[in-house]
Amino acid sequence: METRPTHEQAQLHLQIFEMRREERLRQARDWFFKNYIVENLDDAMRLAQPGTENGAFLGMVIGYWEQACALLNAGLLHDELFFQTSGEFFGVWERCKAVVPEFRKKFAYTLYLAEMEEAAKRYEAWMEKHSPGHIAAMREFMKQMQGQLKKAAA
């Protein structure tokens, strides 16, 4: 049986949510979901070069969610509460996961997005238990949206 969140977990959860409302991070998240459509590391590097606004936006989005997932994986956030209210990280992971193995290999950094990956595995299992079929439906929706965004960009 799932335990109830502690007061401290709930407070941290609210702080994490409040950080998501920061204007620059909101802009970065908006940019990410409209533009970060990549199939390989070269695509990712071209799209979000270091030192550019796009590079900063990418760093903000993945950095934010990697940190939030690290708190979750360390037990400082409550799984059930986080999964019920913070599915956006899973969408970020879905967009990034194709380039993660290549990034880890090229830069010899096996920990790249490891916190998000671990949280995404647990989220997927949790979601299948609580809302079977949702993950598959979301993946299909994201695939359709990415197709529309690619057409619009061409």
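The values are calculated or read from the model by the stated rules, or taken from the named source; none is laboratory data. Quick caveat: nothing in here was measured; it's all calculated off a predicted structure. Using ideal geometry, Cβ is built from the backbone for each residue, glycine included, and neighbour counts are taken over all protein chains shown.
Scan the range 43-65 and give yes if some residue there is at pLDDT below 95, at positive phi and outside any helix (DSSP H, G or I), otherwise no.
Yes - at least one qualifying residue is present in the range 43-65.
When both residues are 6+ apart or on different chains and their Cβ atoms are under 8 Å apart, which pairs have a first residue that lies in the range 15-38 and is at negative phi and touching a residue at least 24 places away in the same chain (Cβ under 8 Å), and a second that is surrounded by fewer than 14 Cβ atoms within 10 Å (Cβ to Cβ) and charged (D, E, K, R)?
Arg20/Arg26; Ile37/Lys150
For Ala98, only one of the following conditions fails: (1) among the small types (Gly, Ala, Ser); (2) within 17 Å of Trp65 (Cβ to Cβ); (3) part of a helix (DSSP H, G or I). What is its number?
(3)
Quick one: in the range 91-107, of everything that is surrounded by fewer than 20 Cβ atoms within 10 Å (Cβ to Cβ) and among the hydrophobic types (A, V, I, L, M, F, W, C), which residue is nearest to Phe141 (Cα to Cα)?
Across the range 91-107, the extreme among qualifying residues is Ala98.
What number of residues within the range 1-40 are in contact with a helix residue (DSSP H, G or I) (Cβ under 9 Å, 6 or more places away or on another chain), outside any helix (DSSP H, G or I) and among the aliphatic types (A, V, I, L, M)?
2
Suppose we keep only residues that are within 19 Å of Lys121 (Cα to Cα) and surrounded by fewer than 18 Cβ atoms within 10 Å (Cβ to Cβ) within the range 52-70. Which one would you say is farthest from the chain's Cα centre (by Cα)?
Taking the candidates together, the pick is Ala70.
Identify, from the list Glu94, Glu140, Glu128, the residue that is closer than 26 Å to Ala10 by Cβ and acidic (Asp, Glu).
Exactly one residue qualifies, and that residue is Glu128.
Could you list, in sequence order, all residues of the range 74-98 that are closer than 11 Å to Ala120 by Cβ and either at pLDDT 95 or above or not small (Gly, Ala, Ser) (or both)?
Let us first name the residues in the range 74-98 that are closer than 11 Å to Ala120 by Cβ, namely 83, 87, 89-94, 96-97.
Listed by number, the residues that qualify are Phe83, Phe89, Phe90, Gly91, Val92, Trp93, Glu94, Cys96, Lys97.
Residues that are in contact (Cβ under 8 Å) with a residue 24 or more places away in the chain, of a type in the set (Ser, Thr, Tyr) and either more than 27 Å from Lys143 (Cβ to Cβ) or loosely packed, with under 15 Cβ neighbours inside 10 Å (or both): does the range 108-119 have at least one?
To start, the set of residues in the range 108-119 that are in contact (Cβ under 8 Å) with a residue 24 or more places away in the chain comprises 113, 115-119.
Then drop every residue that is not of a type in the set (Ser, Thr, Tyr), which leaves none.
No - not one qualifying residue is present in the range 108-119.
Looking only at the range 102-139, which residues are closer than 18 Å to Glu39 by Cβ and either charged (D, E, K, R) or outside any helix (DSSP H, G or I) (or both)?
Glu102, Arg104, Lys105, Lys106, Tyr112, Leu113, Arg139
Which of the following residues is small (Gly, Ala, Ser) and surrounded by 14 or more Cβ atoms within 10 Å (Cβ to Cβ): Ala74, Ala44?
Ala44
With Met142, Met138 as the choices, which residue is over 30 Å from Arg4 (Cα atoms), surrounded by 13 or more Cβ atoms within 10 Å (Cβ to Cβ), out of contact with any Leu (no Cβ under 6 Å at 6 or more places or on another chain) and in contact (Cβ under 8 Å) with a residue 24 or more places away in the chain?
Testing whether each residue is over 30 Å from Arg4 (Cα atoms), surrounded by 13 or more Cβ atoms within 10 Å (Cβ to Cβ), out of contact with any Leu (no Cβ under 6 Å at 6 or more places or on another chain) and in contact (Cβ under 8 Å) with a residue 24 or more places away in the chain leaves just Met142.
Against the definition (within 15 Å of Phe17 (Cα to Cα) and touching a Leu at 6+ places or on another chain (Cβ under 8 Å)), how does Glu88 come out, yes or no?
On the way: within 15 Å of Phe17 (Cα to Cα): yes; touching a Leu at 6+ places or on another chain (Cβ under 8 Å): no.
It is false that Glu88 is within 15 Å of Phe17 (Cα to Cα) and touching a Leu at 6+ places or on another chain (Cβ under 8 Å).
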